[in-house]
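*Asks:* Have a look at this one.
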Amino acid sequence: MLAIFPVIQLAMIDPICILNIYSFLKKRPIQMEFSAGQPSERFLYHQVVDLISDMQQKGTLRPGDRIPSLRQLAERLDISVPTVKQGYLELERLGLVEARPKSGYFLRASQARMNTPRKPRQSTRAVPVGRQEMIEQVHANVHQHNALPLAICNPVSALPPHKALARNMRRVISLANEQALGYGPLNGFLPLRRQLAFRYLDLGVQADPEQLVITNGAQEALTIALLLLAKPGDVIAVESPCYFGILELIESLGMLVYEIPICPDDGLCVDDVKRAINTQPIKACIFSTSITNPLGAMLTETNKQAIVALLESRDIGLIEDDVYGDLYFGERRGLPAQIYAKKGLVITCSSFSKTAAPSHRIGWLLSPRFAAQAARLKRALSCTSSLLNQWTLSEYMASGEYERYIRHLRDVLKINMQRMKAKVESAFPNQTRVSSPHGGAVLWLELARKADGAQLFQHALEQGISIMPGTLFSPTDKYRHCIRLSYGVPWTEEVELAIERLGRLAWEYW
Ligand SMILES: Cc1ncc(COP(=O)(O)O)c(C=O)c1O
């Protein structure tokens, strides 16, 4: 037993892990997270995977260590042997453990661990974006071909909630009849704004439903926020690499972009933001304040608070893009930057696109200071958003199903991320750098310097796979050798084979 859990290492690991090990040693059932309505069997084997991978990550289990036998773990966890077996098979697929005939399961001694992508140098000046044409071409190709969609970041397709949404929509139509098909209030359906306000209250943000405006996805919320804070010719600071939809928006509005590189792990550094606002005429910033796309980095709360204070001290507005905030893999959600705003200069934008259905096109903007102006702009831009979809989502939230679904989705995405990373690590050249996302649904890969993501995109399409070329994520060519892969897909053998094929293509550049 002591060989498996050396006492000396207990001090180095976190309290939950210690609790689990303690429970293990004392033959007590481990605390499991269950929620009503979720298939518990799935969670049980996920917990086995999480427990062993946590122990591996924290060094409690070392490469080559024997892990508990199926029977031992089943007894200690008070679950069935087949469930533990399912967990171990999953760990084998992830390349974390290996079964040795007549000896049991062992933590794999050699695990190819790839480095995380490098942080590029900070830009010297603001530039026009000039990526619209390329984005159009990529989109046209991705949608034309019937390719395996590793290009599109659509997390909910890993666990489609269509049945629950359809049930709620049918209920709304049968209860509200033709009322549900009308225009509805211009700033959004009040019960939905109330549900969102409750949710923000849970996160510690005192949001009033009147400070929320319902929009057509987060993209319209970002558009409104940008129109409120800046005008053509102004400089907008973004994190780099940056979601191409934001770059395209800045380009469409005739603004310039200044890129601030982020660390793959912690997101933005306060000093980099300080340097940017000291050297550039920055009018507003658009930052992902919890999980970034494409790196999956998570801004620390300390940095977030310091960045909000810094920007507010210079009267620079912060548009926070929080679409992936709920899809975190750690223990806690990142808080909205709104919570740290003292002068009302933070505008929060988010949507249901990554946690319910992008086709609903329902998002929102939260701003205690600018809500009335935002509502006016929303009316001018698109009048209102679909009442039927808003009503459906508010019922879905009120029933508690939404929260349960997100919890389940996070679990599935985390497992998919581990599977995709393990597959990339075995199929791609060792020198490849790959992100370690703290959440979201995409991996960011840095290939050989001479690799061309756009060329790889074409070659992959010819093989029936769509990927996102890195060039789209910056107005300059600094990510030409990078690609983005989405693990927001149902995990199948086809996905694994696709990654093997992509790996073979990547080898050609080394
Ligand atoms: C970081 C980020 N922000 C905003 C959006 C736009 O979201 P929506 O589909 O709700 O307009 C996306 C969509 O991919 C995104 O990745």
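The values are calculated or read from the model by the stated rules, or taken from the named source; none is laboratory data. Just so we're clear, the structure is a prediction, and the values are computed from it rather than from any experiment. Note that we place each Cβ from the backbone using ideal geometry, even for glycine, and neighbour counts take in every protein chain shown. Accessible surface areas use protein heavy atoms only, side chains included; no ligands, DNA or RNA. Shrake-Rupley method; radii C 1.70, N 1.55, O 1.52, S 1.80 Å.
*Asks:* Considering only protein heavy atoms and a 1.4 Å probe, what is the carbon-and-sulfur percentage of the accessible area of the chain?
*Replies:* 52
*Asks:* Could you calculate the FRET efficiency of Leu381 with Phe198 from 1/(1 + (r/R0)^6), where r is the beta carbon distance between them and R0 is 25 Å, rounded to 0.05?
*Replies:* After rounding to 0.05, the efficiency reads 0.40.
*Asks:* At Glu75 and Glu331, where each label point lies 7 Å from the Cα along Cα→Cβ, what is the point-to-point distance in nanometres?
*Replies:* Result for the modelled spin labels: 3.0 nm.
*Asks:* Taking the Cβ-Cβ separation of Leu181 and His143 as r and a Förster radius of 22 Å, what is the calculated FRET efficiency to the nearest 0.05?
*Replies:* With R0 = 22 Å, the Cβ-Cβ based efficiency is 0.15.
*Asks:* Just how large is the dipole of the chain about the Cα centre, in debye to the nearest 20, putting +1 at every Lys and Arg Cβ and -1 at every Asp and Glu Cβ?
*Replies:* 660
*Asks:* What length, rounded to one decimal in nm, is gained on full extension from Glu92 through to Lys231, with 0.36 nm per residue of separation minus their alpha-carbon distance?
*Replies:* That works out to 44.6 nm of additional length.
*Asks:* Moving on to the next point. Whole number in Å², please: accessible area per residue of the chain, 1.4 Å probe, ligands, DNA and RNA not counted.
*Replies:* 42
*Asks:* Using the basic label-point model (7 angstrom from Cα toward the beta carbon), what is the Ala398 to Lys274 distance in nanometres?
*Replies:* 4.9
*Asks:* Another question about this same structure. How high is the FRET efficiency from Leu159 to Gln463, r the C-beta distance, R0 25 Å, rounded to 0.05?
*Replies:* About 0.40, to the nearest 0.05.
*Asks:* Out of residues 5 or more away from Val442 or on other chains, whose amide H comes under 5 Å of its own, with H placed 1.01 Å from N in the peptide plane?
*Replies:* Tyr487
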